[in-house]
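Accompanying notes for the structure given below.
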Amino acid sequence: MYHVIGIGSTAVVLYLISYLFYRIEYYSLSFHRKIWNTLLAVSFIITAIAGLFMALQVTYKWNIPFVKSILKWHVEFGIGMAITGVIHLIWHLSYFKEIFQSRENKIRNKNSDKISSTEISYNLFIVGFVSTSIQLLFIREMLNIAGGYELITGIFLGSWLILSAAGASISMISHLSDVKKINLIFSLSPFVSLFFLLIFSRLFLNTGETPSFLVSMIYTLIVLIPICVVSGFTFTRLMSIARINNDSAPGTSFSIETAGGIASGIIISILTHGLLNTYQTLFLIILLSITYTLITFYLINIKAKRVFRILMAVLFAGIIIFNIDIIFRQILLPGIKVTDSKDTPYGNISRGNYKGEQSVYYNHRLLTYNDDVVEREENIHYAMLQSNSPEKVILISGSLLNNLPELLKYPVKEIVYVERDPVLANIEKSRPYSNSNKLIIENEDAFSYIRNSMEMADVIILLTPPPSTLLLNRYYTTEFFHYVKKRLKADGIFMCSPGPGDNYLNKESINLYSSIYNSLEDVFINVKPVIGNKLYLISSDKEISVSFCQLADIKKIKNTYVSSDYLSDELIVKKSNEVTLLFDNKISQNRSAFPIASFHFQSYFFSSNPGEKVPALILMMILFAIPAFGIKRRNMLMYFSASALAGFEILILLTLQLIVGNMYQLTGLIIAGLMSGLAIGAGFEIRLISKFSVRVQGLILIFYYLFFGLFYNSIFALKSGFSAIAFLIFSAFVPALFTGRIFREITGKSEGLSAPSGVYSSDLAGSALGFILMTGIAIPAFGIQASVFLMSGLIFAGFLLGTLRN
């Protein structure tokens, strides 16, 4: 199937955005045409090369194994070339009319409006507040749509920063300096991105489908172009205007904008803690931005301002009272009739109706539905049948509605259900069976609960999703399995399901399962894999039997699916032995400080779309690596320092998960500490640090990351509590302080209107590279400690390239 409508509509929309930027004077017509001439040339080259390979294969009968992929990309890029060619033709229709007419160079260069330092400070604060709020709210939605695994997070943050860097670069060549117009465009840009998020989710994605990595990356880029390019342009233009009109240092402007981001993080954390839903908060932020712009720059009459404030207050009240999120969830989940939607600090819970059947969706993924006999019986009975007399059972995550009736088939005295999201747990409590006096619900992070609990259990069943992210990876590490064993009684049973039970296991899935299997074998004497709806790994120090039909008959457990009516013990045993032989004991164990399973999961996800792997990697290189070659030498240290700091932020958040457990209530504190360091370093003259040159400050960062990496394993000696949190906040604050100081030093010494924009663009582009490099490659593939050393290497590269000529 070829995506004629999708590619065509995407090309048209991108052209309209580019044309709009020209019309609002972000850049000139010639620059606009250069963009599309370049795209036309690229699409032509790829289409031509792919066509040449196909011609050689047909004419000379060459055996080209990837000819089907070539055909696909030949057609897809051909569609893009055709659309771009039509646009190119439309441009030149007027050529024959104007060929004999003289032309004038009409470049308008308006002087910027005179604006006071107080007004520009308020403006910068609002820009930082609004752009950060939109970022925090959009990332929740994009992760829901695209699947939420780690590389998607990196792609979102990287795309946000690289597109903002593009906006900052455009401001260097733009003649637009009308503050009113700049703010109006900035206020309206989130609406455009929101429209793209909704409309392209229907064009690119099928109902109930998790998009491939390439589709997710393209979708993310298209959605973020309006808000990111405009916000990057707006900040750098305001920074330049403040420097010219008020002699304000770029570092001070950066500090004020960052302060707005800090305030946004705190307020959004409070609002999304169950007070408001995502789209309610999003519309309030957008309307707040529009209100500020109109009252400050456009409404002069006091009476008009008063009437407008009243209208906005009524509109704000309506948004707060009515749950408008249901409308947007219906657009994003077209396959069902959405009846309710609730956002929590942990995710979105939507309830819907499909042909009279009620279902619950968690982060747009089906969580509970009726008649899921196969899954619920496998989730429970494969583990429970191993125990002779299970009295206490710990069930981690999963659907309580469906799993509890299966547990109650056994003579259990106590069932502990561990679910971190209290809203989801309350929904489950309202279901039938949940009023059982045997049930105890713990609203706590499962990693912390298992580690800190002193009560012993007969069976522990882990039903969390596969280790697709660094957060979920914790539940499949050797360290977690050690904690589990300490909570089990003698001959206790533990079962987890790290992925789907495919009939054929490719190399990537074998690597994934082998890393977790090897971790279990390091802790338990016996580990048995079982292929069912999912791959189940049953572990214990006693002998394990996978003859489930026989065990069910002996214990007189009446099941529909896990019984001799459907299953054959002989086939189960045979398949289990075959899978065991496939596991590779040379694959490294999955550990907290070396989350290799997360890396293998990403490889496994890539393998589901093999034809898209190379294009996805090429697109990543173009977006996040190649911009480094456009960075000026004097900005290299800024580029690599920002890259290291972005990666360090991810590392600190991961460490918070490993030490404290539940990171969601504390993430805001870590990010606030880091942004405070940036704001203080960039905005204030600190005598102790200002004594050192930029080179020395770079060397301080190099040695800081080196020492942090050397002593990283000692951090885990800290126990959960105030001391661990304070240490992590301080650890993030220090490098942020020096990085902000480097920004202040470089922008302070640079001359010209465009110089601060170039430094800021380098800062954003470097951060984009850091997020992608650390989340997608370094931490999963090489471990945390090696990744910290890599940060020192990045800054050392900036030190050599940016401060030493020889």
- Message: Taking amide H atoms as placed 1.01 Å from N in the peptide plane, list the residues 5 or more away in sequence, or in a different chain, whose amide H sits under 5 Å from that of Ala457.
- Response: Leu488, Lys489
- Read phi for every residue in region 564-569 and hand back ³J(HN,Hα) as whole Hz from Karplus 6.51 cos²θ - 1.76 cosθ + 1.60, θ = phi - 60°, with x for Gly and Pro. 5, 5, 10, 9, 10, 4
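Take the solvent-accessible surface of the protein heavy atoms, probe 1.4 Å, and return the percent of it on region 288-425 that carbon and sulfur atoms account for. All intermediate terms of the calculation are to be shown ahead of the outcome.
On the way: 3710 of 5910 Å².
Carbon with sulfur: 63 percent of the solvent-accessible area.
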- Task: Please list, in chain and number order, the residues 5+ apart from Ser564 or on another chain whose amide H is under 5 Å from its amide H, with Hs placed from the backbone.
- Result: none
- Query: Ordered by packing density, taken as the mean number of other Cβ atoms within 10 Å over each peptide's residues, highest first, how do 210-222, 16-28, 568-580 rank?
  - Reply: 210-222, 16-28, 568-580
- Item | More than 22 angstrom apart: percent of Cα pairs within region 359-501 | 34 percent
- Under 13 Å Cα to Cα from Lys632, which aspartates and glutamates show up? Leave out anything in the same chain fewer than 8 places away. Asp763
- How big is the C-alpha Rg of region 442-594 next to the rule-of-thumb value 2.2 N^0.38 Å, as a ratio? 1.05
- Note on the structure: The answer for Gly499, listing residues at least 5 apart or on another chain whose modeled amide H is closer than 5 Å to its amide H, is Leu535
- Item | region 376-391 - phi-based ³J(HN,Hα) in whole Hz, Karplus 6.51/-1.76/1.60, Gly and Pro as x | 5, 6, 5, 4, 9, 6, 4, 8, 5, 5, 6, 8, 6, 9, x, 9
- Task: Only loop residues by DSSP count here, and only those with at most 16 other Cβ atoms within 10 Å; note down the GluC sites (Glu not before Pro) in region 320-409 that meet that.
- Result: Glu391
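Taking R0 as 30 Å, what's the FRET efficiency between Phe730 and Lys180 from their Cβ-Cβ distance, rounded to 0.05?
On the way: r = 42 Å, r/R0 = 1.41.
Efficiency, rounded to the nearest 0.05: 0.10.
Give the calculated FRET efficiency between Ile266 and Leu315 to the nearest 0.05, with a Förster radius of 35 Å applied to their Cβ-Cβ distance. Each step should come with its number before you reach the end.
Details: r = 24 Å, r/R0 = 0.69.
Efficiency, from the Cβ-Cβ distance: 0.90.
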- Item | Karplus (6.51, -1.76, 1.60) ³J(HN,Hα), θ = phi - 60°, over region 258-272, in Hz, Gly and Pro reported as x | 5, 4, x, x, 5, 4, 4, x, 5, 5, 5, 4, 5, 5, 8
- Query: For labels at Ile300 and Tyr19 in the simple 7 Å Cα→Cβ model, what's the distance in nm?
  - Reply: 3.4 nm
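How large is Rg/Rh for region 569-722, to two decimals, with Cα atoms and a Kirkwood Rh? Please list the in-between numbers first.
On the way: Rg = 22.0 Å, Rh = 20.3 Å.
Here Rg/Rh amounts to 1.09.
Could you state the accessible area per residue of region 216-265 in Å², with a 1.4 Å probe and every protein chain left in place? Can you show the working numbers first?
Numbers: 910 Å² over 50 residues.
For region 216-265, the solvent-accessible area averages 18 Å² per residue.
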- For Lys413, go through the aspartates and glutamates and keep the ones whose alpha-carbon is under 15 Å away, minus same-chain ones fewer than eight residues off. Glu391, Glu455, Asp458
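Give Lys534/Lys558; Lys181/Lys342; Lys534/Lys586; Lys534/Lys555; Lys438/Lys528 a once-over and call out the pairs whose C-alpha atoms are over 26 Å from each other.
Check vs 26 Å cut-off fails for Lys181/Lys342; Lys438/Lys528.
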- Loop-resident chymotrypsin sites (Phe, Trp or Tyr not before Pro) in region 305-361 with no more than 15 other Cβ atoms inside 10 Å, DSSP not H/G/I/E/B, are Phe322
- Estimated translational D of region 347-395 in µm²/s (Stokes, Kirkwood radius over Cα pairs; 4 °C; 1.567 mPa s): 99 µm²/s
- Convex hull of Cα atoms in region 296-350, direction-averaged projection (nm²): 5.8 nm²
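The values are calculated or read from the model by the stated rules, or taken from the named source; none is laboratory data. Predicted, not measured: the structure shown is a model, and the values here were computed from it. Counting neighbours? That spans all protein chains shown, and the Cβs are built from the backbone with ideal geometry, glycine included. Side chains are part of the model used for accessible areas, which takes the heavy atoms of the whole protein and leaves out ligands, DNA and RNA. Shrake-Rupley method; radii C 1.70, N 1.55, O 1.52, S 1.80 Å.
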